[in-house]
Amino acid sequence: MSDALFSSEVEPADTRYLWRLWFADVLDLATSAWVGWGVLRMVDVERTGGSLVVAGVVTWLLLSLASGLSGWTLWRGLVGLRLVADGSAPGVARGLGRAFVVPVDLAISPFLQRRYLDRLLKVQPEAVALLSKRWQRGLGWQVFWLVMVLGAVWFIVMPTRREAVTYLKRLDGWRCCHAKTPPSAFKCSTSLWRARGAAESGDAQAQAIMADCPRASGTLEP
């Protein structure tokens, strides 16, 4: 009994919290990809495999830098862990360095049962009880990333200018403009909203479509 107690006390943090940190890192990577996709839709650029990868990588680097400054990410906060180095936030250099080693650590740590690359950077997870004062001090960083995720959801769900214009040029768009019950009422309303905003900002293509859309011009009630 005493041996078991002693071993738990000296067990490294990266072993005790291995799976909680692994789970949080996986979700942080997924969040970066999601937010990057949302950013591409927000700026309405052509989305290719390469652009999606670049957007996800840039977002991951920014998330890692923020994590270095605070020790927190959205998902680490939800699993009750903070990353520390010598008892304080890891710092920008370690945060950025961790951005490159986490994918490797995620692949090898389930087999090795250690976070060797985290050890190399001299960072480790520290348990923080949910809703405790220490946890609440990191809430601002968690809320920031939550807002980013919700913003990405908005831009992913809503059509881009290009998608709205393309939709309104088609048969379903004609039905939408002339109150002929389009297949998707949500797509109709959101496309009209997006195209109207583009027209008001001076987009000539959107203006031409709005001029030929009775519902958008107000000459036909929905």
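Figures for the structure shown
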item: Subset of region 10-32 [buried (at least 17 other Cβ atoms within 10 Å of the Cβ) and within 14 Å of Leu61 (Cα to Cα)]; result: Asp25, Asp28, Leu29, Thr31, Ser32
item: Pick from region 42-53, criterion closer than 17 Å to Ser32 by Cα and in contact (Cβ under 8 Å) with a residue 12 or more places away in the chain, ranking: least open to solvent (accessible area, probe 1.4 Å); result: Leu52
item: Tally, over region 93-107, of residues that are among the hydrophobic types (A, V, I, L, M, F, W, C) and surrounded by 14 or more Cβ atoms within 10 Å (Cβ to Cβ); result: 5
item: Unmet requirement for Arg114, which otherwise passes all of (1) surrounded by fewer than 18 Cβ atoms within 10 Å (Cβ to Cβ); (2) assigned to a helix (DSSP H, G or I); (3) of a type in the set (D, E, K, R); (4) in contact with a helix residue (DSSP H, G or I) (Cβ under 9 Å, 6 or more places away or on another chain); result: (2)
item: 3 or more residues surrounded by fewer than 14 Cβ atoms within 10 Å (Cβ to Cβ): qualifying helices (runs of 4 or more DSSP H) within region 136-215; result: 139-157, 185-200, 204-211
item: Selection status of Arg170, farther than 17 Å from Arg41 by Cα and not hydrophobic (A, V, I, L, M, F, W, C); result: yes
item: Residue in region 68-88 that is farthest from Ser32 (Cα to Cα), counting only those that are of a type in the set (Gly, Ala, Ser) and open to solvent by 30 Å² or more (accessible area, probe 1.4 Å); result: Gly87
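The values are calculated or read from the model by the stated rules, or taken from the named source; none is laboratory data. Just so you know, these numbers come straight off a predicted model, no measurement behind them. For neighbour counting, all protein chains shown are included, and Cβ atoms are generated from backbone atoms with ideal geometry for every residue, glycine included. We work out accessible area using only protein heavy atoms, side chains counted, and drop any ligands, DNA or RNA first. Shrake-Rupley method; radii C 1.70, N 1.55, O 1.52, S 1.80 Å.
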